[in-house]
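Some notes on the structure that comes next.
The values are calculated or read from the model by the stated rules, or taken from the named source; none is laboratory data. As the structure is a computational prediction, the values presented were derived from the model and not from experiment. Note that each Cβ is placed from the backbone with ideal geometry, even for glycine, and that neighbours are counted across all protein chains shown.
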Amino acid sequence: MLKDIFMGLSQNQFLNSAAKKYGLKMGAQSVVAGTNINEVIKSIKELNAHGISCTVDNLGEFVFKEKEANAAKEQILNVIEAIYEHKVDAHISLKPTQLGLDIEYSFCLSNLREIVDKASNYGIFVNIDMEDTSHLQPTFDLLDDLSKEYDNVGTVIQAYLLRADEYLEKYKNYRLRIVKGAYKEPIECAYQDKKDIDANFIKLIEWHLLNGKFTSIATHDHNIINHVKEFVRKHNIPNEKFEIQMLYGFRKDLQLKLASEGYNFCTYVPFGTDWYGYFMRRLAERPQNLNLVAKQVFNKKTNTILGVAAGAFLLGRMTKSTKKKRR
Ligand SMILES: Cc1cc2nc3c(=O)[nH]c(=O)nc-3n(C[C@H](O)[C@H](O)[C@H](O)COP(=O)(O)OP(=O)(O)OC[C@H]3O[C@@H](n4cnc5c(N)ncnc54)[C@H](O)[C@@H]3O)c2cc1C
């Protein structure tokens, strides 16, 4: 129920636009590292000081106009410049739809090429995040096209996909992030049951650790992480072959612990004024994250938080909702 409420809120174009005007609110500042480049660089430096590298995501939702996609591209180019100037340990994560994949493939490819080219000159890696299955094949096509010219680019394999093992084998020579998968997908193409997804996730991680180039294991799931620790120990897989990734603001103690244990650790650091949809999806993923909101919005009287969420949902229902679930 709560999951549906927050997913509904995340897809609401009106609330997404409205939130842009107000800076980080409702506790979003716990999971979004600022609204501008200076703020995100400051957060990266703090994480780097703990031996944690970062992957930076310039948040963006509902991009259907060339002008917006071009603005997103410029902002990502500026982030690359800032990473280089400040000599921080960070790379880029981006979403093809933000760069115009829903407008035209060749337009998106040209935007991405500019980004990957600049990053390549500075020795910075670019990860193409994986969105819902309607964008799956075009995203692999972007990777295929870009890798004809560049080797600083990789993507994500979602373990809930029935064909994930095929994709993993095909792209095993790329740096890959493996995740459970964040979108609502039909039974024809994706496992629905958590047990099946977890089992496939472990199978894919193990396979890529043994056969792949470099594996980013992106999860907050301590059971999976403990399993990976044991697996790499048993198979003598060196630290240089993998890293663990988590989202900014989540399980901070565990992030610091893993880094201090000597594992390569990378935090996914989202930033930007377009924070609202991302924040609502985090609440949908794990309603317990409501305590992030409660801490910020109500100092003591927290028990009306569900009323606020429901009220906001009703407001959301009165406005148009268009997009599918995304990360
Ligand atoms: C760095 C990163 C990048 C990602 N990129 C993509 C992408 O490109 N495409 C995509 O589709 N998806 C992406 N995802 C999202 C991913 O697919 C999952 O939807 C998301 O990570 C939730 O699954 P999980 O593995 O973290 O654990 P879950 O299945 O959500 O949780 C498993 C268990 O872990 C524990 N746990 C989880 N979160 C917490 C917490 N905050 N505090 C305490 N315990 C907790 C709980 O015991 C929980 O039962 C990404 C995730 C990360 C971390």
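Of all residues in the stretch 63-119, those that are of a type in the set (Lys, Arg) and under 18 Å from the mean Cα position of the chain (by Cα) total 2.
Hey, among the residues in the stretch 187-201 that are touching a helix residue (DSSP H, G or I) at 6+ places or on another chain (Cβ under 8 Å) and over 17 Å from Glu243 (Cβ atoms), which one's nearest to the ligand (Cβ to nearest atom)? Result: Asp198. May I ask you to verify whether Ile80 is under 18 Å from Tyr268 (Cβ atoms), surrounded by 21 or more Cβ atoms within 10 Å (Cβ to Cβ), at pLDDT 95 or above and not polar (S, T, N, Q)? In short, yes. Residues in the stretch 122-144 that are assigned to a helix (DSSP H, G or I), in contact with a helix residue (DSSP H, G or I) (Cβ under 9 Å, 6 or more places away or on another chain) and not charged (D, E, K, R): His135, Leu136, Pro138, Thr139, Phe140, Leu142.
When Val179, Val156 are screened for being touching a Lys or Arg at 6+ places or on another chain (Cβ under 7 Å) and not polar (S, T, N, Q), only Val156 passes. In summary, Lys325 fulfils each of the numbered conditions (1) closer than 25 Å to Gly34 by Cα; (2) surrounded by fewer than 14 Cβ atoms within 10 Å (Cβ to Cβ); (3) at pLDDT below 75 with the single exception of condition (2). Only one entry in Asp117, Asp132 is buried (at least 18 other Cβ atoms within 10 Å of the Cβ), of a type outside the set (Ser, Thr, Tyr), assigned by TED's automatic domain parsing to the domain that holds Glu61 and closer than 25 Å to Gln245 by Cα, namely Asp132. For Gly181, the criteria (1) within 9 Å of the ligand (Cβ to nearest atom); (2) at pLDDT 95 or above; (3) touching a strand residue (DSSP E or B) at 6+ places or on another chain (Cβ under 6 Å) hold in every case but one, which is (2).
Regarding Asp141, is this residue acidic (Asp, Glu), surrounded by fewer than 20 Cβ atoms within 10 Å (Cβ to Cβ) and within 20 Å of Phe271 (Cα to Cα)? When the stated conditions are applied, Asp141 does not pass them. Of the residues examined, Gly60 is not one that is in the same structural domain as Tyr191 (by TED's automatic domain parsing), touching a Phe, Trp or Tyr at 6+ places or on another chain (Cβ under 7 Å) and within 16 Å of the ligand (Cβ to nearest atom). Can you find a residue in the stretch 297-314 that is modelled with pLDDT under 95, surrounded by 15 or more Cβ atoms within 10 Å (Cβ to Cβ) and under 18 Å from the mean Cα position of the chain (by Cα)? There is no residue in the stretch 297-314 that is modelled with pLDDT under 95, surrounded by 15 or more Cβ atoms within 10 Å (Cβ to Cβ) and under 18 Å from the mean Cα position of the chain (by Cα). Between Ile178, Ile197, Ile202, Ile237, which is closer than 21 Å to Lys252 by Cα, among the β-branched types (Val, Ile, Thr) and surrounded by 14 or more Cβ atoms within 10 Å (Cβ to Cβ)? None of the others qualify; the one that does is Ile178. Taking (1) within 11 Å of the ligand (Cβ to nearest atom); (2) hydroxyl-bearing (Ser, Thr, Tyr); (3) over 16 Å from Ile52 (Cα atoms) in turn, Tyr248 satisfies each apart from (3). Considered as a group, the residues in the stretch 125-168 that are of a type in the set (Asp, Glu) and within 22 Å of Leu204 (Cα to Cα) include one that is nearest to the ligand (Cβ to nearest atom), and that residue is Asp129. Restricting Lys241, Lys213, Lys234, Lys229 to those that are out of contact with any His (no Cβ under 6 Å at 6 or more places or on another chain) and either in contact (Cβ under 8 Å) with a residue 40 or more places away in the chain or within 13 Å of the ligand (Cβ to nearest atom) (or both) reduces the list to Lys213.
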